[in-house]
């Protein structure tokens, strides 16, 4: 999705999502996305500086939240692997890498493994003056109850979209309109 406004350009790209279920016990999803946008024009340098400072706090909070829900079953690591600062002391780029592993055999007694959709995530989040970038490899829990055949999946959703199911078409339109509204606001 691309939008050119009077003060900025918004370019959102989602690389092809790869779903690999060749090993039925360890299905994987890989994706990456890029939002091209002059971040300084859109938000100001102070926001980029603040974001860089708060990213490690955000990562620690995510790990804490997962641990409170999943106990010793989760091992979450996140670290800032790059932080570039210009001669004025302003952040030009910050990158965080994270890894989450969930051992379903170590879940708390009140947590059923079928309630946990993923077993691992490795990913990278980067922000610089030219935009945001995210990539992730996600290991799917094949026992997750949301993947049962009785529930609609991606294939069924795409079939509904191709067949112009009014409810499905409306959901996609609402999603695109939401992103377009954001793009309009960021490029004013």
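Annotations
- Put the Cα centre of the stretch 130-145 next to the Cα centre of the stretch 54-108 and the gap is 14 Å.
- Inter-label distance, nm, simple model (7 Å from Cα along the C-beta direction), residue 93/residue 115: 4.2 nm
- Helix-only arithmetic for the chain: the sum of -39500 (n - 2.57) across DSSP H runs with n ≥ 4, divided by the residue total, places the mean residue ellipticity at 222 nm at -10500 deg cm²/dmol.
- Listing 92, 157, 22 from fewest to most neighbouring C-beta atoms within 10 Å gives 22, 157, 92.
- Put simply, when 114-124, 60-70 are sorted by average Cβ atoms within 10 angstrom per residue, most first, you get 114-124, 60-70.
- Sorted from longest to shortest, the spans of the Cα atoms of the chain along the three principal axes equal 52, 45, 28 Å.
Each reported figure results from applying straightforward, stated rules to the coordinates on display, with no laboratory input. The model shown is predicted, which means the values in this text are computed figures rather than measured ones. As a convention, Cβ positions derive from the backbone with ideal geometry for all residues, glycine included, and neighbour counts pool all protein chains shown.
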